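Down below is the structure, laid out as structure tokens.
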Amino acid sequence: MTEPDLLESRSPADRDAALAEALPHQIARAQALEGFAALRDYEAQEITSRAALARLPVLRKSDLAAAQGATPPFGGLAGPLGTFTHVFQSPGPIYEPGKIEDDWFRLGRFLRAAGFHGGDVVQNCFGYHLTPAGMMFESGARAVGATVLPAGTGQTELQARAAADIGTTGYAGTPDYLKVILEKADEMGLELAFSKAAVSGGALFPSLREYYAERGIDCLQCYATADLGLIAYESEAKEGMIVDEDVIVEIVTPGTGDPVAEGEVGEVVVTTLNHDYPLVRFATGDLSAVLPGQSPCGRTNMRIKGWMGRADQTTKIKGMFVRPEQVAELVARHPEIDRARVVAGRENDADTMLVRVETSASDAAPFEASVAEVLKLKGRVEIVAPGELPRDGLVIEDTRSYD
């Protein structure tokens, strides 16, 4: 059992008092930046509670993209590029600043809760190219004193061999990929020493967690984004995700920004206390709900149920976002396609993607090539007759069970 730190175990009253002191400074810091002009209509010293914070406007990904287009690279929402050690790119494109020192993304708190420590060797299978996930987890592993194998994605046979030769004890990556490495190692007759896993970037299904447990691997998940760093994380209690101490999470009605009642599903809106990149009421587009009570592990902050889908139909398949705009681009490429629907599914503990296209054409091959290019994922294409797809407004359907 990993004991909570002093911030994680403080009383709710102490946390609220610290929030009341920190919020006005963070709002004032944001107001001083060019990109937060919309906040200047509010008196920073009056924003001392969650209720006061809820009066401020919501900042969305589309706002980021527009601001960055007008004022590259960060849209006036952060300091000069030279004050950061890294800059990352997400689809859009959207650019995020980052720093390598001082566990800037705060993933160390999650890794400590997941039992990682200075004696571990972590096989970091998050991507290192353009996107920040690899660096986020590497800085977290360094914060707990672990040694890192910067494995990245792919080359599974080499990954299995390295895990065996080095004796890696911890895995960091998407939920599915560790299973791929383990199965490859089995094929190669290799003994691996993984005993813990820290995963993100996709849903951790109960059957997959059970598979890892049967192999002696304790697998915990966190919720983090490129913009915000760590948002919430599991502890050994595995009863919801505990909100990180350096963010404020609200669950709101999608499209309005109004907080919902405890237990209701809504959009996750996050305010970060990061002074370098003070995002205020940033709408993630993810759905979740607040869990009542506190975690039995001794961490006292608010808990959320974890990722429960997307407010805008965007979903993650195999760790990659698939957006309605991409489906529209696919249809636009082929005049012979009337409609298309992406169906996210689950088979043998791995994500699947089926693309149903409504067309009179009979050959799916040209569509398969476009699917891989536009959606950035390979998937099976199913041709259906004109008029066969439901007219229910869905272009992305998620059939996976999250129970």
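So the values come out like this:
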{"item": "Residue in the stretch 138-151 that is in a loop (DSSP other than H, G, I, E, B) and at pLDDT below 95 present", "result": "no"}
{"item": "Residues within the stretch 361-373 that are over 25 Å from the mean Cα position of the chain (by Cα) and surrounded by 15 or more Cβ atoms within 10 Å (Cβ to Cβ), tallied", "result": "4"}
{"item": "The lone exception for Glu21 - which of (1) open to solvent by 90 Å² or more (accessible area, probe 1.4 Å); (2) at pLDDT below 95 it fails", "result": "(2)"}
{"item": "Qualifying positions in the stretch 318-367 - under 30 Å from Thr284 (Cα atoms), hydrophobic (A, V, I, L, M, F, W, C) and in a loop (DSSP other than H, G, I, E, B)", "result": "none"}
{"item": "Number of the exception - Ala30 against (1) hydrophobic (A, V, I, L, M, F, W, C); (2) touching a residue at least 12 places away in the same chain (Cβ under 8 Å); (3) in a loop (DSSP other than H, G, I, E, B)", "result": "(3)"}
{"item": "Residues being open to solvent by 60 Å² or more (accessible area, probe 1.4 Å) and either touching a strand residue (DSSP E or B) at 6+ places or on another chain (Cβ under 8 Å) or assigned to a helix (DSSP H, G or I) (or both) - total across the stretch 35-79", "result": "15"}
{"item": "Selection from the stretch 218-260 of residues that are hydrophobic (A, V, I, L, M, F, W, C) and more than 17 Å from the chain's Cα centre (by Cα)", "result": "Ala237, Val252, Val260"}
{"item": "Output for the stretch 262-314, where each listed residue is polar (S, T, N, Q), surrounded by fewer than 22 Cβ atoms within 10 Å (Cβ to Cβ) and either assigned to a strand (DSSP E or B) or free of Cβ contacts under 8 Å to residues at least 24 places away in the same chain (or both)", "result": "Thr284, Gln294"}
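So that you can scan it fast, the table gives a plain yes or no per residue for (1) open to solvent by less than 70 Å² (accessible area, probe 1.4 Å); (2) without any contact (Cβ under 8 Å) to a residue 60 or more places away in the chain; (3) touching a Gly at 6+ places or on another chain (Cβ under 7 Å); (4) not aromatic (Phe, Trp, Tyr):
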| residue | (1), (2), (3), (4) |
| --- | --- |
| Arg323 | yes, no, no, yes |
| Asp338 | no, yes, no, yes |
| Gly345 | yes, yes, no, yes |
| Met353 | yes, yes, yes, yes |
| Thr359 | yes, yes, no, yes |
| Leu375 | yes, yes, no, yes |
| Val384 | yes, yes, no, yes |
| Ile396 | yes, no, no, yes |
| Arg400 | yes, no, yes, yes |
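The values are calculated or read from the model by the stated rules, or taken from the named source; none is laboratory data. Worth saying up front: this structure is predicted, and the values here are computed from it rather than measured. We place every Cβ from the backbone using ideal geometry, glycine too, and count neighbours over all the protein chains shown. What goes into the accessible areas is simple: the full protein's heavy atoms, side chains included, and nothing from ligands, DNA or RNA. Shrake-Rupley method; radii C 1.70, N 1.55, O 1.52, S 1.80 Å.
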